[in-house]
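Notes for the one structure printed next.
Any read-out appearing in this document is the output of simple, stated calculations on the displayed coordinates, not a laboratory observation. What you see is a predicted model; the values in this text were computed from it and never measured. Cβ: placed from backbone, ideal geometry, glycine included. Neighbour counts: every protein chain shown.
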Amino acid sequence: MADEPTLGEVVRRLEAIHADLKEDLREYGARLDSKVSIERYELERRAADDVHRQVIERVTAIETAREREKDQQQQTRQRAEERRRADRRLAFTALIAPVLILLLQAYLSAKGAGS
């Protein structure tokens, strides 16, 4: 009988267990209060998804605009190159060709006059 706890010890132990359980329940309540409801979580996730989708759309639009600008610059360079080629042809036909024809006539005249 000496090994058995007294009634006072049993009551103290039960009160300690009861106090521990109350404290644990308060902690669980506080943790549950800090948790987000599933509806709010879904709304926040959808909002984040919308933001990500908008960012992706903006990036895509920027990339498309840069590609268009790059194509336009390339077309502008090609047109400028074609103009330079046309100017060279024009310079050849307008300046160099008449001089060559004049030299050829002078040569033929000199050769014809010398024979």
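Between Gln105, Gln74, Gln54, the residue with the greatest mean-square fluctuation in the GNM of the chain (Cα pairs under 10 Å linked by springs) is Gln105.
Magnitude of the charge dipole for the chain, about its Cα centre and with charges confined to Cβ atoms of Lys, Arg (+1) and Asp, Glu (-1), is about 2160 debye. Straight-line cross-link reach from Lys35 at under 30 Å between alpha-carbon atoms covers these lysines, not counting any fewer than eight positions away in the same chain: Lys22. Stretching Ala94 away from Asp49 to a fully extended chain increases their span by 9.6 nm, per 0.36 nm per residue minus the current alpha-carbon distance.
When the helices of the chain are scored as -39500 (n - 2.57) per DSSP H run of n ≥ 4 and the total is divided over every residue, the value at 222 nm lands at -31500 deg cm²/dmol.
Classify the chain as rounded, prolate or oblate from the Cα gyration tensor: take a ≥ b ≥ c as the square roots of its eigenvalues, call it rounded if a/c is under 1.5, otherwise prolate when a/b beats b/c and oblate if not. Prolate is the answer for the chain, as a/c is 1.5 or above and a/b outweighs b/c.
Rounded to two decimals, what ratio of Rg to Rh does segment 53-115 give with C-alpha atoms and a Kirkwood Rh?
Details: Rg = 26.5 Å, Rh = 16.3 Å.
With Rg and the Kirkwood Rh in hand, the quotient comes to 1.63.
Over all distinct Cα-Cα pairs of segment 1-69, the Kirkwood formula returns a hydrodynamic radius of 17.8 Å.
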